[in-house]
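Remarks on the structure that follows.
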Amino acid sequence: MTASNNHGALDRPQPSNRSAYRGFRTIDTRWMDNDMYGHVNNVVYYSWFDTTVNAFLVEQGVLDVQQGAFVGLVVETRCNYFAPLAFPQVVEAGLRVGHIGKSSVRYEVGLFAKGEDLTAARGHLVHAYVDRASRRPIPLPQQLKTILETIA
């Protein structure tokens with residue numbers, strides 16, 4: 001049996017290098033992010049993914065969280081952890097687009113301890129874009145696609 005069939009070392013996700021990401025934002029850890037084991041709790045990582053993606057979209061002017069015609073609903077998430085992060089530490093979140101579909105986008109996020117070259121954690125979230133009122137899928141607006149292509 002090969003390692004690829006028995007979930008051996010070859011199947012284990014590996015950290016990504018900083019150069020794999022197109023845009024970055026700094027996130028300060030908070031005291032409350034640590035859990036009883038002395039490191040950032042796993043649910044906080046997903047919050048950082050959400051913050052990284054949505055802050056980018058708002059800053060680029062393609063997402064109006066209060067009154068926009070469309071919203072992105074998270075339909076899938078994943079995170080792999082490689083090294084602990086803890087308060088007080090600065091995190092640098094790298095962002096790239098892994099896939100642009102008809103009405104969905106796969107955002108990939110790498111979380112780095114400040115100044116480190118390899119991810120402490122990396123993962124993704126998929127947004128399905130829907131009409132705000134009906135919650136029905138919509139084709140990605142061209143302005144959104146244009147911005148996403150800059151970090152693909």
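The values are calculated or read from the model by the stated rules, or taken from the named source; none is laboratory data. Bear in mind that the values here come from a model prediction, so they are computed numbers and not experimental data. With ideal geometry, Cβ positions are generated from the backbone for all residues, glycine too; neighbour counts draw on all protein chains shown.
From (1) in contact with a strand residue (DSSP E or B) (Cβ under 9 Å, 6 or more places away or on another chain); (2) of a type in the set (A, V, I, L, M); (3) farther than 22 Å from Ala20 by Cβ; (4) surrounded by fewer than 14 Cβ atoms within 10 Å (Cβ to Cβ), pick out the condition that doesn't hold for Leu63.
So Leu63 meets the others, but not (4).
Six or more apart or on different chains, Cβ under 9 Å: which pairs go from a residue in the stretch 94-115 that's modelled with pLDDT of 95 or more to one that's surrounded by fewer than 18 Cβ atoms within 10 Å (Cβ to Cβ) and of a type in the set (Ser, Thr, Tyr)? Could you list them?
The qualifying pairs are Val97/Thr150; Lys114/Thr26.
List pairs: first in the stretch 39-68 and over 18 Å from Ala152 (Cα atoms), second of a type in the set (Asp, Glu) and surrounded by fewer than 20 Cβ atoms within 10 Å (Cβ to Cβ), Cβ under 6 Å, 6+ apart or cross-chain?
Final answer for the pair search is Asn41/Asp35.
If Ala152 passes every condition in (1) within 14 Å of the chain's Cα centre (by Cα); (2) within 18 Å of Gln14 (Cα to Cα) but one, which one does it miss?
(2)
Take the stretch 32-78 and flag every residue that is touching a helix residue (DSSP H, G or I) at 6+ places or on another chain (Cβ under 7 Å), more than 20 Å from Ile151 (Cα to Cα) and modelled with pLDDT of 95 or more. Outline the logic, then answer.
Step one: filter the stretch 32-78 for residues touching a helix residue (DSSP H, G or I) at 6+ places or on another chain (Cβ under 7 Å), giving 33, 40-41, 44, 60, 62-63, 65, 77.
Next, only the ones that are more than 20 Å from Ile151 (Cα to Cα) stay: 33, 40-41, 44, 65.
Scanning the stretch 32-78 gives Asp33, Val40, Asn41, Val44.
How many residues are polar (S, T, N, Q) and closer than 27 Å to Met32 by Cβ if we restrict to the stretch 58-116?
Start the filter on the stretch 58-116 by keeping residues that are polar (S, T, N, Q), which leaves 60, 66-67, 77, 80, 89, 103-104.
With closer than 27 Å to Met32 by Cβ added as a condition, the list becomes 66, 77, 80, 89.
Number satisfying all stated conditions: 4.
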